[in-house]
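Here's the structure, in structure tokens; my notes come after.
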Amino acid sequence: MDKEFEGKVSLVTGSSRGIGKGIALKLASLGSKVAINYRSNDDEAAKVLSDIEHGGGEAMLAKCDITDSKSVKAMTREITDKWEKIDILVNNAGIVKDTLLLRMRDNDWDDVLNTNLRGAYLCTKFALRTMMDNFWGRIVNISSLAGITGNMGQANYSASKGGLIAFTKAVAREVGSRNITSNVICPGYIVTEMTGGAFAEDMQKELLARIPVSRFGNPEDVANLVAFLASERASYVSAQVISIDGGLI
Ligand code: NDP
């Protein structure tokens, strides 16, 4: 099982840091070639590339704003020109613009929906062709518990993540006969830059009391689940919504 992704090609959106970085490193450590997508931070992305190469893996930078159709098309073409295919797509890139609904500006809504939902739609559409041709593919989307329960101050984010869950199931039904699975992961509290590096001190105790395993998650926790869903061992798992939250109550 050591190099179970030998010969596979993965595209991980938003993998210059945080959960996406953890996923890119994990898939590379298991033998996959990895395209590191990000929007703006060249230095962070270059560091991920170098980490993978130093570990003996193969990777490429795939800078692209996933909200832009032409750019996503060009990015997927660049990857298939280099490596001929995309086997594993992880739609991870996401943003927050939190505020109460009555204070929400139209841009707060549009930006979050465009990145978290339209971005996943575009990447899936353009990566799917090669999966269909090869009769093999794995699509793993990163939603959030907010997409299941809704969160105060996150009407835009919750809507985008709930939409991603429905999108995942629809795609699973469209492409299952081609040996392509589509699943969605809903992380709970994972320590990354998005969550401020750590959770605010006054909230920590209260949050931890609701997490039976008594700790916040880290990117590797999510990456381990992605690796399973992307593997041959998960070929009969599709259209599923899987929470990873330490048992959050
Ligand atoms: P981070 O903010 O740490 O990282 C976000 C990544 O997405 C960066 O690499 C960023 O690149 C990239 N990105 C943002 N917008 C775009 C875009 N338009 N095009 C391409 N890349 C883009 O986030 P996390 O690692 O914390 O979160 C990753 C995913 O997990 C998100 O979808 C988030 O909603 C979800 N999640 C996170 C939880 C948590 O507790 N952390 C909990 C539940 C879900 P750049 O900096 O170059 O813009």
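Read-outs: derived from the displayed coordinates by stated rules, not from any lab. In this text the structure is predicted, and so the values were computed from the model without any measurement. Neighbour counts run over all protein chains shown; Cβ positions are idealised from the backbone, glycine included.
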Output yes when any residue across region 163-175 is under 14 Å from the mean Cα position of the chain (by Cα), under 30 Å from residue 105 (Cα atoms), near the ligand (Cβ under 10 Å from one of its atoms) and β-branched (Val, Ile, Thr), and no when none is.
-> no
Of the residues 220, 206, 174, 193, which is assigned to a helix (DSSP H, G or I), touching a residue at least 24 places away in the same chain (Cβ under 8 Å) and of a type outside the set (Val, Ile, Thr)?
-> 220
With respect to residue 27, determine if the residue is more than 8 Å from the ligand (Cβ to nearest atom), surrounded by 19 or more Cβ atoms within 10 Å (Cβ to Cβ) and within 12 Å of the chain's Cα centre (by Cα).
-> no
Residue match in region 177-187 (condition: under 19 Å from residue 97 (Cβ atoms), of a type outside the set (Lys, Arg) and crowded, with 16+ Cβ neighbours inside 10 Å) = yes
For the subset of region 70-110 comprising residues that are of a type outside the set (Val, Ile, Thr) and within 10 Å of the ligand (Cβ to nearest atom), which member is nearest to residue 180 (Cα to Cα)?
-> 91
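Rundown of residues vs (1) of a type in the set (A, V, I, L, M); (2) buried (at least 17 other Cβ atoms within 10 Å of the Cβ); (3) under 18 Å from residue 21 (Cα atoms); (4) touching a Cys at 6+ places or on another chain (Cβ under 9 Å), yes/no style:
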{"residue": "211", "(1), (2), (3), (4)": "yes, yes, no, no"}
{"residue": "214", "(1), (2), (3), (4)": "no, no, no, no"}
{"residue": "233", "(1), (2), (3), (4)": "no, no, no, no"}
{"residue": "236", "(1), (2), (3), (4)": "no, no, no, no"}
{"residue": "244", "(1), (2), (3), (4)": "yes, yes, yes, yes"}
Checking residue 159 against (1) out of contact with any Gly (no Cβ under 8 Å at 6 or more places or on another chain); (2) more than 26 Å from residue 107 (Cα to Cα); (3) within 13 Å of the ligand (Cβ to nearest atom), the condition it does not meet = (2)
Residue hits (region 21-72; in contact with a Cys (Cβ under 9 Å, 6 or more places away or on another chain) and closer than 16 Å to residue 83 by Cα) are 37
Cβ pairs under 7 Å, 6+ apart, first in region 7-24 and free of Cβ contacts under 8 Å to residues at least 40 places away in the same chain, second among the polar types (S, T, N, Q) | 16/41; 24/15
Near pairs, Cβ below 8 angstrom, 6+ apart or cross-chain, from region 229-249 (under 18 Å from residue 27 (Cα atoms)) to any residue that is of a type outside the set (Val, Ile, Thr) and surrounded by fewer than 17 Cβ atoms within 10 Å (Cβ to Cβ) | 231/4; 232/4; 234/228; 235/179
Just need a number here: residues in region 226-249 that are out of contact with any strand residue (DSSP E or B) (no Cβ under 8 Å at 6 or more places or on another chain) and assigned to a helix (DSSP H, G or I).
-> 4
Among the candidates 113, 145, residue that is out of contact with any Phe, Trp or Tyr (no Cβ under 6 Å at 6 or more places or on another chain), within 13 Å of the ligand (Cβ to nearest atom), hydrophobic (A, V, I, L, M, F, W, C) and touching a residue at least 60 places away in the same chain (Cβ under 8 Å) | 145
Out of (1) among the β-branched types (Val, Ile, Thr); (2) within 24 Å of residue 185 (Cβ to Cβ); (3) more than 9 Å from the ligand (Cβ to nearest atom); (4) out of contact with any strand residue (DSSP E or B) (no Cβ under 6 Å at 6 or more places or on another chain), the one residue 67 does not meet is (3)
